[in-house]
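The structure under discussion appears below in the form of C-alpha cells.
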Amino acid sequence: QVQLVESGGGLAQAGGSLRLSCAASGIYLSINTVAWYRQAPGKQRELVADITRGGTTTYADSVKGRFTISRDDAKNTVYLEMNSLKPEDTADYYCNADISRPYYSGHYAAWGQGTQVTVSS
C-alpha cells in the first residue's frame with residue numbers, strides 16, 4: 001500500500017504564497033495521475049488541480065493563473081505552488097493519487113491525511 005503525506009500548509013496573508021508537497025512511499029508499479037483537492041468548512045471537497053504521468057495539468061477555474069502543480073518522480077513528490085492567495089483559498093488540502101499495483105495487478109486511489117491552509121485578509 002502507498003502512503004501519501006502532505007506538508008507545507010499553514011497560515012498565509014492574502015496575496016502571499018505557500019507550497020504544498022505530497023510525498024509518496026510504499027510499494028507500487030507506478031504513480032499515475034495525482035490531484036490536489038480541497039475542502040473548506042461546510043463545503044464539498046473540490047478538485048483544485050491534477051497532473052498526469054506525462055505532465056499534463058488541469059486546474060479549477062478559481063485557481064488558474066495562481067496555482068501551479070508539478071511533479072518530481074525521482075523524489076516521488078508532487079507539489080502545489082500557490083501564489084496570490086485569497087481568503088477563499090482557506091481549506092484543508094488533500095493529495096490523491098492513482099496507484100498501479102506491482103505486477104500489473106490493478107490500480108487504486110490513495111489519499112493523504114490533508115494539510116490545512118488558512119489565508120487571512
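Values computed for the structure shown
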| item | result |
| --- | --- |
| Shape call, region 43-110: gyration tensor on alpha carbons, a/c limit 1.5 | prolate |
| In Å, descending, principal axis extents of the Cα set of region 1-66 | 40, 24, 24 |
| Choice from V48, V63, V34 showing the highest fluctuation, given a GNM over the chain with Cα pairs closer than 10 Å | V63 |
| The chain - percent of accessible surface contributed by carbon and sulfur, probe 1.4 Å | 48 percent |
| Cα pair distances of the chain binned at 5 Å [whole percent] | 2, 12, 23, 24, 19, 11, 6, 3, 1, 0 |
| Solvent-accessible area per residue, Å², over the chain with all protein chains present [probe radius 1.4 Å] | 54 Å² |
| Segment D73-E46, length gained on full extension (0.36 nm per residue, minus Cα span) | 7.3 nm |
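The values are calculated or read from the model by the stated rules, or taken from the named source; none is laboratory data. Keep in mind that this is a model prediction, so the values were computed, not measured. Protein only, heavy atoms only, side chains kept; ligands, DNA and RNA dropped before computing areas. Shrake-Rupley method; radii C 1.70, N 1.55, O 1.52, S 1.80 Å.
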